[in-house]
Amino acid sequence: MTSPIYTAVEAFKKESKTTDELVHKINIYIHDHANSLPEKYNPKSIIESRFTPAEEAFEKGIVSCGAMANISATMLRHLGFKIKLIHGECDSSVDHAWISLQNNEAGSWKEYDLTSKNEELRAGHKIKSTVDSWDEIRDQIVKDHVTMRDRRIEKGIATTIVSVVIPNYNRKDKVVEAIQSAIDQKFNGMEILVIDDGSTDGTAEFLKSLNLPIKIITKPNGGVSSARNVGIKNAKGKYVAFLDSDDLWLSGKIQAQVDFLESHPYIPLVYTDQYLNIDGKNLDVTRFKRNPPKDNMLLSAFVDLVPIHTSTVMMRWAVFNELGMFSEELGIHEDSELWNRISNKYKLGFIPEVLGVYRWQEDAEHLMSAKNKQKFVDEGIKYLKLYRENKNRTLTPDEEKSYEESERIILDIENKLKNK
């Protein structure tokens, strides 16, 4: 079936006295269609935003600058116009797109920006590439998007350097302490996002009443991975730091990690040492006093035993765009799975300072508690499946050995459960 965009543009051609009027009608038509849809559609990545075919992008209501340029170019080409797609930037955006059209009568070229009023070019527009298809500069577009947040901060368009993501489920009292430990970092250019994962204890309403410098995002209960991922999607910073709702940060953590990542541009993740707190007391033995830190997690988490805790981690936002977010297939082991995925391509960074507190006694749902051992087994099987799939290659002898040993560990726990 012919897409409605072609029928529409043929009608616009008959109604329009000038090319400018034609382009304006196209712009209004695309936006009106998107606004008429029951739900706003948000592209999941720059790939979907720029490279979805025009007809499909129109049907979904994608109105990003790249999609608008592609849809309008497709409609105008249908009428015989010569069109170029332009990839560049402007004062308000470091990753922008618009079109250039050759007037059939005058033969001259004119540029149009379908994301601005009256299709006028935005101030400070600068062309990087002029192409017939976005596919010609696919690598450049992806690279520019990955570094977009860094360049927005450099140009003064954005001021958020670090986004703190705190997932919460029914920890109304404890989450306030976690939030305060983040506020106490006193880091300029930091936002705090609390993702309330369908709490039934009134957490969201309680936090709103405190008027804290935080943003509260509520969602239906979906587990910690989905909560963290919502935080990642809403994050404005070039770096993302995670803090579980029952853990604490110590003074200087954010500054130390930002300094590390700024001075190590090829490392996407840095973690720190951490106190283990039981019954309100910090143990003398910290997380890494007996477990030496490593710069990768290539082996299975069951045998590698790199105790990287999520509350100690800060990551570049760009790595999520490149390698994906936390797996929502997993109820537990989701952090280890992500560390594995990142280690397949990059080294990890470590700061040998105790800059956080893991409060063990607050974690009543600890994965090795009696009632959760079966879940540990079931999720462990799913984790190992993802571990092998994500390698996308033959496992090394050490990796294969770790995989087989992990299977034995899981089988042993499962057999003990059956024999009880």
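Let's see how each residue does on (1) part of a strand (DSSP E or B); (2) surrounded by fewer than 18 Cβ atoms within 10 Å (Cβ to Cβ); (3) at pLDDT below 90; (4) under 22 Å from the mean Cα position of the chain (by Cα):
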{"residue": "V270", "(1), (2), (3), (4)": "yes, no, no, yes"}
{"residue": "L276", "(1), (2), (3), (4)": "yes, no, yes, no"}
{"residue": "D284", "(1), (2), (3), (4)": "no, yes, yes, no"}
{"residue": "R287", "(1), (2), (3), (4)": "no, no, yes, no"}
{"residue": "L299", "(1), (2), (3), (4)": "no, no, yes, no"}
{"residue": "F326", "(1), (2), (3), (4)": "no, no, no, yes"}
{"residue": "L338", "(1), (2), (3), (4)": "no, no, no, yes"}
{"residue": "P352", "(1), (2), (3), (4)": "yes, yes, no, no"}
{"residue": "Q361", "(1), (2), (3), (4)": "no, yes, yes, no"}
Qualifying residue in the stretch 228-251 (condition: crowded, with 23+ Cβ neighbours inside 10 Å, in a loop (DSSP other than H, G, I, E, B) and among the basic types (K, R)): yes
So I141, is it aliphatic (A, V, I, L, M) and in the same structural domain as L248 (by TED's automatic domain parsing): no
Test set (1) surrounded by fewer than 15 Cβ atoms within 10 Å (Cβ to Cβ); (2) acidic (D, E); (3) over 22 Å from T159 (Cα atoms) - D259 fails condition number: (3)
Residue match in the stretch 321-341 (condition: hydroxyl-bearing (S, T, Y) and within 29 Å of G280 (Cα to Cα)): yes
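Each row is one residue, and each column tells you yes or no for (1) more than 21 Å from V194 (Cα to Cα); (2) touching a strand residue (DSSP E or B) at 6+ places or on another chain (Cβ under 7 Å).
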position: L248; (1), (2): no, yes
position: S251; (1), (2): no, no
position: Q255; (1), (2): no, no
position: L261; (1), (2): yes, yes
position: Y266; (1), (2): yes, no
position: T272; (1), (2): yes, yes
position: N282; (1), (2): yes, yes
Single residue of the stretch 1-18 satisfying the filter (within 12 Å of L79 (Cβ to Cβ) and within 36 Å of the chain's Cα centre (by Cα)) that is surrounded by the fewest Cβ atoms within 10 Å (Cβ to Cβ): Y6
Exclusive hit being buried (at least 20 other Cβ atoms within 10 Å of the Cβ), touching a His at 6+ places or on another chain (Cβ under 8 Å) and among the aliphatic types (A, V, I, L, M), set I99, I86, I137, I141: I141
Residues located in the stretch 199-223, provided they are in a helix (DSSP H, G or I), in contact (Cβ under 8 Å) with a residue 24 or more places away in the chain and not aliphatic (A, V, I, L, M): T203, F206
Only one of I47, I30 that is in contact (Cβ under 8 Å) with a residue 40 or more places away in the chain, within 30 Å of T147 (Cα to Cα) and surrounded by fewer than 16 Cβ atoms within 10 Å (Cβ to Cβ): I47
From the options S225, S163, residue that is among the hydroxyl-bearing types (S, T, Y), closer than 30 Å to A123 by Cβ and either out of contact with any Cys (no Cβ under 6 Å at 6 or more places or on another chain) or in the same structural domain as N42 (by TED's automatic domain parsing) (or both): S163
Of residues in the stretch 301-310 being touching a strand residue (DSSP E or B) at 6+ places or on another chain (Cβ under 6 Å) and assigned to a loop (DSSP other than H, G, I, E, B), the one farthest from I342 (Cα to Cα): H309
Residue in the stretch 154-198 that is surrounded by the fewest Cβ atoms within 10 Å (Cβ to Cβ), counting only those that are among the charged types (D, E, K, R) and assigned to a strand (DSSP E or B): E191
Selected residue [within 30 Å of M148 (Cα to Cα) and not aromatic (F, W, Y)] from S300, S311: S311
Pairs where the first residue, in the stretch 53-68, is within 13 Å of Y29 (Cα to Cα) and the second is of a type in the set (F, W, Y) and surrounded by 21 or more Cβ atoms within 10 Å (Cβ to Cβ), C-beta under 9 Å, 6+ apart: M68/W98
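The values are calculated or read from the model by the stated rules, or taken from the named source; none is laboratory data. Computed from a predicted structure; not experimentally measured. Cβ coordinates were reconstructed from backbone atoms using ideal geometry, including for glycine residues, and neighbour counts include every protein chain displayed.
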